[in-house]
Amino acid sequence: MIKQIFGKIPRKPSKSSQNNSNGEGGFNDGFSLNSSSNTVLKPNSVSSKSSSSASVGSRSGNETIAQHYTNQAKKSAPASGSVMASAVYEALPSFRDVPSSEKQNLFIRKLNMCCVVFDFNDPAKHSKEKDVKRQTLLELVDYVSSVNSKFNELAMQEMTKMVATNLFRALPSSNHDGKLADMCEPEEEEPVLEPAWPHLQIVYEFLFRFVASPETDAKLAKRYIDHSFVLRLLDLFDSEDQRERDYLKTILHRIYGKFMVHRPFIRKAINNIFYKFIFETEKHSGIAELLEILGSIINGFALPLKEEHKLFLVRALIPLHKPKCVSLYHQQLSYCITQFVEKDVKLADTVVQGLLKYWPITNSAKEVMFLGELEEVLEATQPAEFQRCVMPLFRRIARCLNSLHFQVAERALFLWNNDHIRNLILQNSKVILPIIFPAMEKNIRGHWNQAVQSLTLNVRKIFSDADQVLFDECLMRFQEEEIKDREKQEKRESIWKQLEDVAAANAVSNEAILVSRFVSSVAIATSANQLATAGG
């Protein structure tokens, strides 16, 4: 009799579980991960899952939930096969099929169900279970989008756990083993696409809807979307999959807008990524997306600008012109730089001096980009700031005018097509024209490209029409310099000829004979040998 009673005891939790599941029959309310056995165990009821979740939630502040559950997911990865083999991974009922009072419990169960991560390297493996998870994720997205009550703490904890388990992972490093210089021409190399994207895309959409939802209380959610969670998101920006970086860009921007307490931390974390990229690795896939986020952030800076923001411009944004692969993110970088100048016109001189510091010498394509950015900056520059940098700036522009690469020369000459810049130049023509006049005359007389010659003539005419007296003075000075240069050259050639004649007339067998200027190095070497012999 006693044995019969004890024999019935294990069946009671099973009945309770079925009742709590609303007659679901067969699917567990959640998964608990056993790290010692590396197997997925089935809890008996929602209460066991809740107590497990509560124990995780009671961890100390700095131990991140994201990292905790990511580690659990890694431990459970080998066990996923055993779950599939036992046919436990089955679809849960739809939210439409349960009463409103049970939707919260069903939501938690679906979140726990989606914490199982599948291997997508083999598309044929667990295809049925992958479809079940994908459908479940889509239902979760719909639920988060349509819910009309505030998310409680348990729901937020389970949502961030599910997101962390699926998203936070080690990124493939196939193209990051070499220098980023090899990545400067991305069209030559196919990017690595994430094989698990069919699931990851929906998880990203879920996270976006959760962050953007008006039912998400930022004061409560900041406990789970904390600094560590944000750092793990920022790590994912190094993904080579453009689709993933686009989602991350949108989500991080929403987090920045919703969680005001995280804003300084996010800016500092992005700064650190830039520092590492500029001064250490020169390897990162998501610089353009991070700059795009910053462009929106800078646009919202209050005036006057804080010293922190100005230091960010000087220490991070301007040095971003240094890497060889600047072409990959130059459009976004140029926008950020221009935003700063438009916010505070006094920064124009700082920006121009920074551009001149990192100006490319041997890379013509990069030089064309710099000239384009320079035009945008000068368009927002006021006369007072322009005067501070005018001399070094137009020494560089004069060299660009004489560039043998016609696109560089053309792009420099196009500056005069901008009305604002042309007015700034004409206001300071007494300083500028003497600097660039020789370069213009050389172009007109001998540049190989006809378009460059024509544009130079147009610029020359602008100066002559604006101030004929100054133009004549510069022309006269240029002609005088030409005469002096010609006289110096003739004198130099005359001295060489005299030396050659003297050397030929006084030739002795043991003396060096300077035949021409091209063998002067031989004469020097012979003289050195004679001196060494005499000294010995």
Is there any pair with a first residue in segment 437-456 that is closer than 14 Å to residue 403 by Cβ and a second that is open to solvent by 50 Å² or more (accessible area, probe 1.4 Å) and in a helix (DSSP H, G or I) whose Cβ atoms are under 6 Å apart and which are 6 or more apart or on different chains, and what are they? 440/460; 449/406; 452/406
Condition first: farther than 15 Å from residue 394 by Cα and open to solvent by less than 20 Å² (accessible area, probe 1.4 Å). Now tell me which residues in segment 352-365 satisfy that. 360
Single residue of segment 213-237 satisfying the filter (in a helix (DSSP H, G or I) and open to solvent by 40 Å² or more (accessible area, probe 1.4 Å)) that is nearest to residue 150 (Cα to Cα): 219
All but one of (1) surrounded by fewer than 18 Cβ atoms within 10 Å (Cβ to Cβ); (2) touching a helix residue (DSSP H, G or I) at 6+ places or on another chain (Cβ under 9 Å); (3) assigned to a loop (DSSP other than H, G, I, E, B) hold for residue 346; state the number of the condition that does not hold. (3)
Name the one entry in 460, 445 that is surrounded by fewer than 10 Cβ atoms within 10 Å (Cβ to Cβ) and part of a helix (DSSP H, G or I). 445
Do we find that residue 378 is part of a helix (DSSP H, G or I), at pLDDT 95 or above and open to solvent by 10 Å² or more (accessible area, probe 1.4 Å) in this structure? no
List, please: which pairs have Cβ atoms under 8 Å, are six or more places apart or on different chains, and start with a residue in segment 405-417 that is open to solvent by 50 Å² or more (accessible area, probe 1.4 Å) and end with one that is of a type in the set (Ser, Thr, Tyr)? 405/364; 407/364
Among 473, 490, which is the only one that is without any contact (Cβ under 8 Å) to a residue 24 or more places away in the chain, surrounded by 15 or more Cβ atoms within 10 Å (Cβ to Cβ) and of a type outside the set (Phe, Trp, Tyr)? 473
Among (1) in a loop (DSSP other than H, G, I, E, B); (2) touching a residue at least 12 places away in the same chain (Cβ under 8 Å); (3) within 31 Å of the chain's Cα centre (by Cα), which single condition is residue 170 missing? (2)
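The values are calculated or read from the model by the stated rules, or taken from the named source; none is laboratory data. Since this is a predicted model, take the numbers as computed values, not measurements. Heads up, the Cβs are rebuilt from the backbone with ideal geometry, glycines too, and the neighbour counts pull from every protein chain shown. Keep in mind that these areas ignore ligands, DNA and RNA; they rest on the heavy atoms of the full protein, side chains included. Shrake-Rupley method; radii C 1.70, N 1.55, O 1.52, S 1.80 Å.
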